[in-house]
Amino acid sequence: MIKTVFVDIDDTLLDFDKCAKNSIIAACKKYNIKYTSEIFDTFKKINTQLWLDIEKGNLTKSELHKVRWKLIFNELKIDADGIAFENMFFNNLSVSADPVDGASEMLKYLYSKYIICAATNAAYNQQVKRLKMCNMYNYIKYIFASEKLGFQKPTKEFFDSCFSALGNINKNETIIIGDSISADIIGGIEYGIKTCWFNKNAITTPNSLKIDYVVNNLCEIKNIL
């Protein structure tokens, strides 16, 4: 019997792509850089790799903030201050909160039945602010952020810290919902909790992974929990 639901934030509750794109456009306007789709595409590629490095323990978030836009501008051959742009982008992102379709409805449904825990590798204060902006914060009992716990999702230590805070909750009473195969699904499988992959792009499910549930839309969660 499930008692606790872990939910990822970016690209599960909040539309990270939309928030990031709007934040980039605003920063480009501030620094007189002509925005193109190539900027966003390059951001996506480099940002994804940097976060994978963080999950593997090969990079810290402070290091990411120092190099992310330097790497992007170098690849695009744009002459701009990557650190200054990063600060503007991060500040813009902190006040950008576009919900994923069905996310608010899912939280309202789960709230009446389960303990809801947000699990994130992003900055704690940033995520709290964004969840409050889109009226999701009050549905979430715990926000487990790696910077507060001292360990990155998907490590065992991250989940150990979460369960220590939860108290008398067993692994077999817990499920994690998230879009990231590496951080949410593999992390949940290796820790021994149930997993629900939010496969929002409807890509092929990896045959090598024993995922408990796969949904393409968050409204499908009602059919599972």
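Read the figures in this text as sums done on the coordinates, not as results from a lab. What you see is a predicted model; the values in this text were computed from it and never measured. Reconstructed Cβ throughout: ideal geometry from the backbone, glycine too, with neighbour counts over all protein chains shown.
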Which aspartates and glutamates, if any, have their Cα less than 18 Å from the Cα of Lys45, not counting same-chain residues under 8 positions apart? Asp10, Asp11, Asp15, Asp17, Asp53, Glu55, Glu63, Glu75, Glu86, Asp179
Per-residue ³J(HN,Hα) for segment 83-91, Karplus 6.51 cos²θ - 1.76 cosθ + 1.60, θ = phi - 60°, Hz, x for Gly and Pro: 5, 5, 5, 4, 4, 5, 4, 5, 5
Reachable lysines from Lys210, Cα under 20 Å, same-chain residues fewer than 8 places away excluded? Lys153, Lys156, Lys171, Lys194, Lys200
Charged-residue dipole, Cβ positions (Lys, Arg, Asp, Glu), the chain about Cα centre, Debye nearest 20: 400
Compute the relative contact order of the chain as a whole-number percentage, counting only Cα pairs closer than 8 Å that sit 6 or more residues apart in sequence. 25
Quick one: of the DSSP bridges fully inside the chain, what percent are antiparallel, nearest 5? 5
Summing +1 per Lys or Arg and -1 per Asp or Glu among the other residues with Cβ less than 12 Å from Asn22's Cβ gives 0
Solvent-free Debye scattering, log10 I(q)/I(0), computed from the Cα coordinates of segment 173-225 at q = 0.21 Å⁻¹: -0.69
Over 19 Å apart: what share of the alpha carbon pairs of segment 37-91 falls there, rounded to a whole percent? 23
Gyration tensor (Cα) of segment 101-225, equivalent ellipsoid semi-axes in angstrom: 20, 19, 15
Based on the Cα atoms of segment 38-190, what semi-axes does the equivalent ellipsoid have, where each is the square root of 5 times one gyration tensor eigenvalue, given in whole Å with the largest first? 30, 19, 13
